[in-house]
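The values are calculated or read from the model by the stated rules, or taken from the named source; none is laboratory data. This is a predicted model, so every value here is computed, not measured. With ideal geometry, Cβ positions are generated from the backbone for all residues, glycine too; neighbour counts draw on all protein chains shown. For the accessible areas, the whole protein counts, side chains as well, though only heavy atoms, and no ligand, DNA or RNA atoms are used. Shrake-Rupley method; radii C 1.70, N 1.55, O 1.52, S 1.80 Å.
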Amino acid sequence: MIQPIPIFFSINDAYAPFLSVAITSIVTHATLGNQYELNVLYDDLSPENRERLGSLATANVTINFVPMTDRLSALQGEHMKLRGDTFTLTIYFRLFIAAMFPQYDQAIYLDADVVTTTDIADLFNHDLGTNLVGAVADTFAADNSQSIQYVEHHLQLPIADYFNSGVMLMNLKQMRVERFNETFIHLLTTYHVEFIAPDQDYLNLLCRGRVLKLDRAWNVMPTTQTRVQNPKILHYSLFGKPWHYSDAQNGTYFWELAPKSPYYDEIKAIQQAYTDQQHAQDRTTEQGLLGQLKKFSQASSDGVQQIRTELE
């Protein structure tokens, strides 16, 4: 029996249209000899959206929907806020995958705002050894002086080691051995440290020194750095959404696949309806985020130091 390649997403209704394009890209490039098991972790996802997304399944790509509502009680409180005018519990779901799915030793986690240009099995087949994750350095963090200062002063990590958690190969077996889930819950509820990107920052602290650095092609984000010539996964992180901007960096990859999505007309309408005022608000939000990064980098990092000391 062929072992399935497990792939995880976490979304709510707002991201269903864009997840459909991510799934379409995986289906398009799937190898017939492989089996792929897509697990969609969700809080609020309507039956209609589950049906429409589920319609993308094929003979070798199954799609499962996993409700997380009953698992949110441990995640209550102000410390769950994600800076940048976004509030979502889904950001923490990926930290519980190892504990929730003991049948898998290794899995891929993807944000919903991605498309792949190759067989995702090529990512899955990396050997992690005893590393906890395989990931790519976060280019937004490296592109801005405020975020560099935040990572190096507040998180006390080298900027080159700070990875983006939107594309990860996860060593679930090793995480269970090391009680990753229990450690995260303990840190979250004991120290209540303020982070800009709580899930990603916790992951970077929990996994530091245990990260397989993947080629940049596996998580190509909008950047001012040299462009990747042959991207394998495009990640439209933060403010570079092709469904908001006709000139979004690497947006052509998204629009080549979008017509195959059952949400295509809605996605086009979203882009057409995105106003100049919303574009301006994005710029204001980005500047606000950079301001928050600068503020945090200048604040006390005693809580982070306590976490680092406990993890040593």
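Worth pointing out:
- Residue list for region 127-156, filter: at pLDDT 95 or above and over 20 Å from THR226 (Cα atoms): ASP127, LEU128, GLY129, THR130, ASN131, LEU132, VAL133, GLY134
- Within region 298-312, residues that are open to solvent by less than 80 Å² (accessible area, probe 1.4 Å) have Cβ atoms under 9 Å from residues that are among the hydroxyl-bearing types (Ser, Thr, Tyr) in these pairs: GLY303/TYR191; VAL304/TYR191; ILE307/THR190; ILE307/TYR191; ILE307/TYR202; LEU311/THR183, counting only partners at least 6 apart in sequence or on another chain.
- Restricting attention to region 210-227 and to residues that are modelled with pLDDT under 95 and surrounded by fewer than 19 Cβ atoms within 10 Å (Cβ to Cβ), the residue that is farthest from the chain's Cα centre (by Cα) turns out to be THR226.
- When we screen VAL193, VAL220 for residues that are over 23 Å from THR28 (Cβ atoms) and touching a residue at least 24 places away in the same chain (Cβ under 8 Å), the only hit is VAL193.
- Annotation note: of ALA160, ALA141, ALA135, the sole residue that is of a type in the set (Gly, Ala, Ser), open to solvent by less than 10 Å² (accessible area, probe 1.4 Å) and free of Cβ contacts under 8 Å to residues at least 60 places away in the same chain is ALA141.
- Any chance LEU205 is in contact (Cβ under 8 Å) with a residue 60 or more places away in the chain, assigned to a strand (DSSP E or B) and under 20 Å from VAL133 (Cβ atoms): no
- Of the set (1) of a type outside the set (Lys, Arg); (2) under 30 Å from VAL193 (Cα atoms); (3) open to solvent by 40 Å² or more (accessible area, probe 1.4 Å), all apply to ASP276 but (2).
- Any pair with Cβ under 7 angstrom, 6 or more apart, that starts in region 99-115 at a residue that is more than 21 Å from LEU19 (Cα to Cα) and ends at one that is open to solvent by 10 Å² or more (accessible area, probe 1.4 Å) and modelled with pLDDT under 95: ALA99/ASN181
- Scope region 259-282; condition farther than 14 Å from TYR15 by Cβ, touching a residue at least 40 places away in the same chain (Cβ under 8 Å) and assigned to a helix (DSSP H, G or I); matching residues: LYS260, ASP282
- Boolean, LEU95 is at pLDDT 95 or above and either in a helix (DSSP H, G or I) or in contact with a His (Cβ under 6 Å, 6 or more places away or on another chain) (or both): no
- Of the residues making up region 1-35, just one is without any contact (Cβ under 8 Å) to a residue 12 or more places away in the chain and either part of a loop (DSSP other than H, G, I, E, B) or open to solvent by less than 40 Å² (accessible area, probe 1.4 Å) (or both), namely MET1.
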